[in-house]
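One structure is given below, encoded as structure tokens.
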Amino acid sequence: SDSHQACEATSFISGMQQRRRWRLMEFVAPRQLLLLLYSLQLLALLAANGGKHLLRPGQLAIRCRGSSPALALAPVLSSAPALRRVPTHAPTSTPSEASQLTSGVKPINFSNAIEVTVDIQPNFRIKVLEASLDWQEQLIEEAVESWDQSDPAEADPYGAALWPAAQVLAQAVAAHVRSAVAADRPIRVLELGAGCGLSSLTAAALGASVIATDFRELPLRLVAESARRQGFQGALHTQLLDVRDESQPLPEADLVVASDVVYEKSTARAMARRIAEARERGSTVLVSDIGRPNRAAFLEELRYLRPTEPAEFACKSTAVQGKSGAKGPSTASSAITRVPVELLELPRGIATEALLQAAPSVMIRPACHGHVL
């Protein structure tokens, strides 16, 4: 009934307001008290989720650096507010031009970006720019401050760091591009939600024509600068694209790829519709994921749209992340993280076979750098 729906809406809004008050608390009380309050909230959230670590995008967790608790946004689950629609712009002619975009993003000082090294395959290495630790914390603060504004998604900090699913996707992309190059066949690659753009950089390095897209300019500027430093600027272009704005068709591509894009439910369903769009025009599709809870919503939507095509994350691989020490990459078990990653390939073939035989992709961060997000 209308009254029942109104009651539900009132309850929902009240809950959102309460959560936002928690998110927007500043250090106006003693730090010890705030640490206790946030810890109690975190325990309540964990209890409400059966003890599982199911923090949602935008929720605050506590990370202690030195004697000061630092706020961090959890990048895992699904009740973030709807993303603002961002109009799609034409691809830039070169990444260096893309880095000069001026639609409201502050000028970037790339000295604050940290270059990390990723071994995609033996004897094949790509360098990617991430936000420094201080820059990541600044992005977190901006996200918290903008949470109650009309466009909180604009402060989404997650695209400024490299995630494990991107490493496996880059390996899968490399297999497809190498196959096309060996057959003397041009290949166009489109990356959705590119973030730091590891897969786009990989494809460009191997000879593909690439468009890296994201709904925010900051990650695209990092991608463009990474491409410029490695000499890929002629092969890689950037383009603003929100996958949920379905008034804009996808750019033409032979291979459409995405990693770690199903953590928010509505975005997961929108991504499924984009994958169906790509498949209907004949594109091969690769999507990598670490098991985000909204994978089920993604697969449900995709199977509804394409009931005759088997859709499952059938290929399993591993991403390795570590830190370099004074004498090279650390081999201490505490410094190495191994993350299982699964891949959806439509139609199944080249990438699935390649990953079954491939060694894990390894990313090494400098000793002074880390992952706050």
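The values are calculated or read from the model by the stated rules, or taken from the named source; none is laboratory data. Model, not experiment: these values are computed from the prediction. Reconstructed Cβ throughout: ideal geometry from the backbone, glycine too, with neighbour counts over all protein chains shown. Note: areas computed on protein heavy atoms with side chains; ligands, DNA, RNA excluded. Shrake-Rupley method; radii C 1.70, N 1.55, O 1.52, S 1.80 Å.
Each residue in segment 197-227 was checked for being closer than 22 Å to residue 108 by Cα, open to solvent by less than 10 Å² (accessible area, probe 1.4 Å) and assigned to a loop (DSSP other than H, G, I, E, B), and 1 of them qualify. Summed over segment 342-371, the residues that are among the hydrophobic types (A, V, I, L, M, F, W, C), within 18 Å of the chain's Cα centre (by Cα) and closer than 30 Å to residue 282 by Cα give a count of 2. In segment 232-241, of all residues being assigned to a loop (DSSP other than H, G, I, E, B) and modelled with pLDDT of 95 or more, the one that is farthest from residue 280 (Cα to Cα) corresponds to 235. Considering segment 87-192, the qualifying helices (runs of 4 or more DSSP H), each wholly inside and each with 1 or more residues that are open to solvent by less than 20 Å² (accessible area, probe 1.4 Å) and modelled with pLDDT of 80 or more, run over 164-182. Residues in segment 261-279 that are modelled with pLDDT of 95 or more and either over 18 Å from residue 245 (Cβ atoms) or in contact with a strand residue (DSSP E or B) (Cβ under 8 Å, 6 or more places away or on another chain) (or both): 271, 274, 275, 278, 279.
Of everything in segment 337-354 that's of a type in the set (A, V, I, L, M) and in contact with a helix residue (DSSP H, G or I) (Cβ under 7 Å, 6 or more places away or on another chain), which residue is most open to solvent (accessible area, probe 1.4 Å)?
Across segment 337-354, the extreme among qualifying residues is 350.
Give the residues of segment 287-319 that are among the small types (Gly, Ala, Ser) and open to solvent by less than 60 Å² (accessible area, probe 1.4 Å), sorted by residue number. If the condition is that a residue be among the small types (Gly, Ala, Ser) and open to solvent by less than 60 Å² (accessible area, probe 1.4 Å), then 288, 291, 297, 311, 314, 317, 319 are the ones that fit. Scoring residue 357 on the criteria (1) buried (at least 20 other Cβ atoms within 10 Å of the Cβ); (2) without any contact (Cβ under 8 Å) to a residue 12 or more places away in the chain leaves a single failure, condition (1). Among the conditions (1) at pLDDT below 95; (2) more than 22 Å from residue 160 (Cβ to Cβ); (3) among the charged types (D, E, K, R), the only one that residue 365 does not satisfy is (2).
Of all residues in segment 251-286, those satisfying the criterion of being open to solvent by less than 10 Å² (accessible area, probe 1.4 Å), in contact with a helix residue (DSSP H, G or I) (Cβ under 7 Å, 6 or more places away or on another chain) and not in a helix (DSSP H, G or I) are 255, 256, 257, 258, 262, 285, 286. Within the option set 255, 236, 218, 206, being among the hydrophobic types (A, V, I, L, M, F, W, C) and over 21 Å from residue 176 (Cα atoms) holds for one residue only, 218.
Checking each residue in segment 228-250 for being open to solvent by 10 Å² or more (accessible area, probe 1.4 Å) and of a type in the set (Val, Ile, Thr) picks out only 243.
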